[in-house]
Amino acid sequence: MQYQHIQNGIIEAPVEIDKIRDVYNKMSRIYFLATPLEKKARMRGIELARIQPDDKVLEVAVGIGHSFFEILKRVGGENTVYGLDLSPAMLEKTRKLATKKGYFNFELREGDARHLPFPDETFDVVYNSYMLDLIPIEEFSVILNEFHRVLKKDGRLILVNLSKKDNSPVFMEKVYKMAPYLLGGCRPVLMASFVKQAGFRNVIREIPKSIFPSEIVAGLK
């Protein structure tokens with residue numbers, strides 16, 4: 001197992017893509033339990049995105065759709081919002097929520113964040129929450145480069161992650177070492193330096209006050 005290795009204060013992730021898909025297909029039935037814990041950080045991330053009615057927005061890792069719904073509320077009705085997730089079950093949850101709320105101006109795709117199925121310079125905003133905390137460190141740059149690629153010039157990147165204050169070890173990491181999938185495969189990450197390395201500018205990091213230890217990292221292409 002690779003998770004004993006630590007880089008930049010982050011434990012390496014031993015999880016595999018197929019395993020993540022399987023875990024989150026199953027977790028789609030109970031993920032609503034985590035939603036209240038994540039809500040404050042997610043909403044602050046959406047606030048920092050400054051979404052305008054005519055913005056073209058992509059959410060990567062839509063989960064059960066609560067952030068996706070908030071994005072839909074902020075764009076114009078004639079403007080398509082795009083969503084991507086590795087888990088078909090999560091996509092179905094998002095689809096049902098959006099249509100139940102009366103929204104049809106969206107397109108959801110099953111896909112991998114390492115290979116986004118969109119052309120260069122397509123989006124004004126890329127929003128991603130509670131995904132990079134699942135990903136092996138060596139793949140951070142691959143995913144962030146994809147985010148950078150599909151954003152337009154001056155496009156906004158918003159990341160919300162399970163995190164910690166600084167590089168110091170925390171109790172949650174001890175739990176992760178013993179049972180990586182107990183927390184859905186998530187461990188604390190610190191993404192600001194990686195975002196800068198990927199070529200984003202004006203990078204900021206916020207730590208919202210919440211029960212669920214999180215960070216919000218924002219930057220401009």
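What follows is calculated from the coordinates using simple rules that are stated; it is not laboratory data. Note that this is a predicted model, so its numbers are computed, not measured. Positions of Cβ are generated from backbone atoms using ideal geometry, with glycine treated the same way; all protein chains shown enter the neighbour counts.
Tabulated data
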read-out	value
Gain upon complete extension [E138, K40; 0.36 nm per residue less C-alpha separation]	32.4 nm
Size of the stretch 6-220 as Cα extents on the principal axes (Å, biggest first)	47, 38, 32
Pairs beyond 18 Å (Cα-Cα), from K39/K221; K40/K209; K39/K100	K39/K221; K39/K100
Theoretical gain in end-to-end length, R95 to D112 [0.36 nm per residue, Cα-Cα removed]	4.3 nm
Exposure proxy ranking, count of Cβ atoms within 10 Å, fewest first, for M131, M172	M172, M131
